[in-house]
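Below is one structure; the comments refer to it alone.
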Amino acid sequence: MLQFLRTRSIYHLKESDPQAFVLPRLEGAAKVALAELLYDEFGGGRPSQLHAALYGDALQAAGLDREYGTYLDEVSALTLAVSNAMSLFCLHRRLRGAAMGHLAMFEITSSVPCRRIAAGIERVGLPPAASAYFHEHVEADAVHEQVAARDICGSLVAAEPGQRTEVLLGAATCLVLDDLAAREQLGTWLGTETAA
C-alpha cells in the first residue's frame, strides 16, 4: 500500500494545478464549469481542504514524505507518462479539448476506485487520516464526473464542435495510460513484471 501511495503522489500532490492553466483558454459555460470544479479541488476557500494537501496528509499519516517530487526517482516511466500527458494537454491552448477530455475521464473513473483504495488502506491498518483523501473523492468525484463530462466537455463541444476529436483524444489517452500503468503496478506486486 505504501508503494501505491508513493506512486500516486506524482499526480495527487499537484492535483488540479495543470487544469488551472486551461481556465483562461476556455470561454462561456465550459470556463464557468471548470472554475466550479477547480474551486472544489482547491478546497472551496479552505486551505486545509485543498485536495493536494489532503493527499499530503494521507502520505504523512502513512509515515511517508508529503513533499512533491520526493518519490520521482522511484516511479516508472509509465507513471510519469500518466502525469506528463495531462500536463502536456493543459499547457497548450490547441490541446485544451484534450485536457478537458482527460480530466473528464479521470473524474469518471475515480469514485469507485477511491472507495476500494480507502477500504484497502483501512484493511492494512493505516491511520484514518491515510484514507480520508480517498473517502473525500468517493463523493466529490461522483459530482465532478458530471461537471467535467457534461458541463465542461459538453459545453466546449457545443460551442466549438471541432474540439470533439480533441476531447475524445484526451479521454482515450487517460484510459490507455492509466490501464498500462495499472497493469505494470499489478505486475510488480505479483512479481510478474518489474517497474520500468
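Checking the a/c ratio against 1.5 first, then a/b against b/c, what shape does the Cα gyration tensor give for the stretch 40-113?
It is oblate, given that a/c is not under 1.5 and a/b is not larger than b/c.
List the residues of the stretch 95-118 whose backbone N lies under 16 Å from a point placed 7 Å from the Cα of residue 164 along the Cα-to-Cβ direction.
Hits in the stretch 95-118 for residue 164 at 16 Å: 97-98, 101.
Output wanted: per-residue J couplings in Hz (rounded whole) for the stretch 164-179, from phi through Karplus 6.51 cos²θ - 1.76 cosθ + 1.60, θ = phi - 60°, x for Gly and Pro.
3J(HN,Hα) across the stretch 164-179, in whole Hz: 4, 4, 5, 4, 5, 4, x, 4, 5, 4, 4, 5, 5, 5, 5, 5.
Can you classify the stretch 74-190 as rounded, prolate or oblate using the Cα gyration tensor, where a ≥ b ≥ c are the square roots of its eigenvalues, rounded means a/c under 1.5, and otherwise it's prolate if a/b beats b/c and oblate if not?
The shape class here is oblate.
Classify the chain from the C-alpha gyration tensor, please: rounded if a/c falls under 1.5, else prolate or oblate depending on whether a/b exceeds b/c.
Prolate shape, in that a/c is at least 1.5 and a/b is the bigger ratio.
For the chain, what does the relative contact order come out to in percent, with C-alpha contacts under 8 Å and a separation of six or more? Write out the running numbers ahead of the final one.
Numbers: 260 pairs, mean separation 55.6, N = 196.
After rounding, I find 28 percent.
Just grab the label-to-label distance for residue 93 and residue 146, each label 7 Å out from Cα along the Cβ direction, in nm (one decimal).
With each label point 7 Å from Cα toward Cβ, the separation is 3.4 nm.
The numbers here are math on the coordinates, done by the rules we state, and not lab data. Note that the coordinates shown come from a computational prediction; the quantities given were computed from them, not determined experimentally. Glycine also receives a Cβ, built like all others from the backbone with ideal geometry; neighbour counts cover every protein chain displayed.
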